[in-house]
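The values are calculated or read from the model by the stated rules, or taken from the named source; none is laboratory data. All values derive from a computational prediction rather than experimental measurement. All Cβ positions, even for glycine, are placed from backbone atoms using ideal geometry, and neighbour counts span all protein chains on display.
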Amino acid sequence: MCCSHYKRFLKTRPPGAAKPRDKTADTDTTNPGRISLADFLAALAAAVPPLRGARCRGHAELFDATIVGRRGHHAETQQARAAAVSVCAACPALDACRGWLDQLPTDARPLGVVAGRVITSRRVTA
């Protein structure tokens with residue numbers, strides 16, 4: 001359906017014709033492909049190791065800037081990576097963080113600077 005036909009369809013549709021969203025879909029346990037938001041957040045929290053004294057806490061903008069994504073900002077990305085690696089070098093949780101990173105499958109590793117390493121395209125470089 002092209003744009004003009006879709007707009008005409010929306011204008012001629014009777015009020016309340018849209019099917020309301022099923023509120024039980026978020027907690028449906030019969031569908032194994034869906035999990036509730038609470039279960040998802042609990043699994044996410046369980047996957048992150050307890051890194052006591054981690055120096056990266058509170059510096060998300062620095063570590064986010066280490067991920068290549070914007071064209072023409074290579075120098076800024078390199079500066080952010082150098083700063084993030086220096087933060088990691090002085091971190092008391094570095095060994096625990098590296099252990100966590102090493103146990104992750106390659107395709108599940110986060111991009112950017114993690115555990116003092118620069119991760120690009122799901123490959124680790126030292």
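Of the residues that make up segment 41-57, is at least one within 30 Å of LEU94 (Cα to Cα), at pLDDT below 75 and either surrounded by 10 or more Cβ atoms within 10 Å (Cβ to Cβ) or more than 17 Å from the chain's Cα centre (by Cα) (or both)? Scanning segment 41-57 turns up at least one residue that is within 30 Å of LEU94 (Cα to Cα), at pLDDT below 75 and either surrounded by 10 or more Cβ atoms within 10 Å (Cβ to Cβ) or more than 17 Å from the chain's Cα centre (by Cα) (or both).
Quick one: in segment 74-121, which of the residues that are part of a helix (DSSP H, G or I) and touching a helix residue (DSSP H, G or I) at 6+ places or on another chain (Cβ under 8 Å) is surrounded by the most Cβ atoms within 10 Å (Cβ to Cβ)?
First pass over segment 74-121, keeping only residues part of a helix (DSSP H, G or I): 74-89, 94-103, 106-108.
Checking which are touching a helix residue (DSSP H, G or I) at 6+ places or on another chain (Cβ under 8 Å) leaves us with 80, 83-84, 87-88, 94, 97.
Working: ALA80: 20, ALA83: 16, ALA84: 23, VAL87: 17, CYS88: 21, LEU94: 16, CYS97: 20.
That would be ALA84.
Among the conditions (1) under 19 Å from ARG109 (Cβ atoms); (2) more than 16 Å from the chain's Cα centre (by Cα); (3) not β-branched (Val, Ile, Thr), ASP64 misses just one, which is (2).
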